[in-house]
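The values are calculated or read from the model by the stated rules, or taken from the named source; none is laboratory data. The structure presented is a predicted model; accordingly, all values stated were derived computationally and were not measured. Ideal geometry is used to build each Cβ from the backbone, glycine not excepted, and the neighbour counts take in all protein chains shown.
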């Protein structure tokens with residue numbers, strides 16, 4: 001069978017000379033032979049008629065000249081380095097924090113003008129890149145993480161009916177201080193036995209995050225973690241919203257919250273989306289950085305708490321987020337969510353005006369003292385340590401969870417007699 005290019009060349013001249021009625025006949029023949037649509041066949045024949053016979057191959061395809069690269073190779077390499085240091089932010093977020101990241105890296109001599117591809121021109125190119133361009137250049141180096149874990153939240157029966165169910169639009173959510181909270185189980189593939197829990201709190205208004213690992217979910221450990229959070233979070237906790245787990249809904253935690261004047265609410269039973277903010281942080285903070293290994297020793301818990309201090313600095317000061325502001329409509333009338341521009345939790349905290357002038361000065365100085373490259377290196381070092389401590393143990397537990405189809409040769413093989 002002749003190629004489509006040859007067929008196009010064959011019918012092109014006939015199509016050009018044919019009347020309007022006969023052109024329809026020619027199109028029908030070309031469509032039957034090539035399988036093209038009518039519009040495609042018409043376009044191909046019209047283009048072929050403009051070229052002399054024998055150039056059907058050129059008619060069949062017109063290769064587009066590749067667009068010249070707008071940004072230099074050096075800029076792309078530095079972009080990849082900054083992206084890795086930032087914690088793998090998406091293009092929209094990295095575009096927002098690019099200037100502060102470059103300033104901090106220069107201040108700590110991690111990037112020096114005139115060395116290792118970094119120049120004033122490269123800096124200018126990085127600051128000029130759009131979010132879509134950043135994503136396009138970073139596409140080859142992105143890694144995908146597809147690991148899953150186990151939920152260990154159990155509904156508590158005592159005191160549950162006495163706790164107010166959180167409602168949309170509660171007044172306490174309109175300013176910093178209202179935190180959603182949850183615990184993440186570090187049980188690995190097996191839920192049995194004692195294992196560490198990570199208490200995770202995030203402010204609904206600003207996204208400020210506090211993370212701390214405790215021995216287990218006993219109320220004494222959870223309460224100790226909450227007291228530590230109240231001391232270390234730089235603004236007052238005005239409200240706490242938890243799920244229905246008994247580690248939160250107990251007399252000791254509720255009495256402590258009441259003594260501090262903290263508004264206490266809970267989500268609806270079995271409605272995980274009621275706590276969408278903290279569920280997102282569980283994945284983006286705890287699981288992403290702490291993995292799904294099993295941690296059940298003091299050494300592992302200490303390593304995790306060293307990790308969380310580094311991660312909290314990165315998340316609170318250097319990683320922006322977006323917040324929904326309402327609903328809009330697309331061009332075809334479909335409803336869509338509308339978000340504000342990306343801002344870091346620290347920036348949102350400054351915008352809220354709840355900090356005293358001395359706090360603003362001290363926290364700004366602390367943010368300016370952070371070295372993103374050192375934070376990234378320390379996070380990687382602690383993660384490597386966790387892998388050494390728990391990686392093999394978790395793998396063995398995973399393999400042991402599957403029953404073997406082979407007999408245990410140590411017990412011998414029973415032989416039927418008689």
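Residue 173 satisfies every condition listed in (1) part of a helix (DSSP H, G or I); (2) modelled with pLDDT of 90 or more; (3) surrounded by 13 or more Cβ atoms within 10 Å (Cβ to Cβ) except (2). Residues in the range 351-375 that are in a helix (DSSP H, G or I) and farther than 19 Å from residue 104 by Cα: 351, 352, 357, 358, 359.
Would you pick out the residues in the range 78-100 that are more than 19 Å from the chain's Cα centre (by Cα) and either in contact (Cβ under 8 Å) with a residue 60 or more places away in the chain or more than 15 Å from residue 139 (Cα to Cα) (or both)?
To start, the set of residues in the range 78-100 that are more than 19 Å from the chain's Cα centre (by Cα) comprises 78, 99-100.
Residues satisfying the conditions are 99, 100.
For residues in the range 202-245 being over 22 Å from the mean Cα position of the chain (by Cα) and in a strand (DSSP E or B), which is farthest from residue 346 (Cα to Cα)? Result: 245. Of all positions in the range 130-139, at least one carries a residue that is crowded, with 21+ Cβ neighbours inside 10 Å and not assigned by TED's automatic domain parsing to the domain that holds residue 319.
Checking the structure you have, find out if any residue of the range 338-346 is over 30 Å from residue 102 (Cβ atoms) and not in a helix (DSSP H, G or I).
Taking the range 338-346 as the starting set, the residues that turn out to be over 30 Å from residue 102 (Cβ atoms) are none.
Scanning the range 338-346 turns up no residue that is over 30 Å from residue 102 (Cβ atoms) and not in a helix (DSSP H, G or I).
Each row is one residue, and each column tells you yes or no for (1) touching a helix residue (DSSP H, G or I) at 6+ places or on another chain (Cβ under 8 Å); (2) buried (at least 21 other Cβ atoms within 10 Å of the Cβ); (3) on the phi < 0 side of the Ramachandran plot.
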| residue | (1), (2), (3) |
| --- | --- |
| 270 | no, no, no |
| 287 | no, no, yes |
| 292 | yes, no, yes |
| 295 | yes, yes, yes |
| 306 | yes, no, yes |
| 328 | no, no, yes |
| 339 | no, no, yes |
| 343 | yes, no, yes |
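Within the range 255-264, being in contact with a strand residue (DSSP E or B) (Cβ under 6 Å, 6 or more places away or on another chain) and assigned to a helix (DSSP H, G or I) holds for one residue alone: 257. Please determine whether any residue of the range 247-261 is under 30 Å from residue 390 (Cα atoms) and assigned by TED's automatic domain parsing to the domain that holds residue 284. Looking for residues that are under 30 Å from residue 390 (Cα atoms) and assigned by TED's automatic domain parsing to the domain that holds residue 284, one finds at least one in the range 247-261, hence yes.
Give the residue, chosen from 191, 255, that is surrounded by fewer than 23 Cβ atoms within 10 Å (Cβ to Cβ), closer than 18 Å to residue 287 by Cβ, out of contact with any helix residue (DSSP H, G or I) (no Cβ under 7 Å at 6 or more places or on another chain) and modelled with pLDDT under 95.
On the way: 255 fails: closer than 18 Å to residue 287 by Cβ.
Answer to the check: 191.
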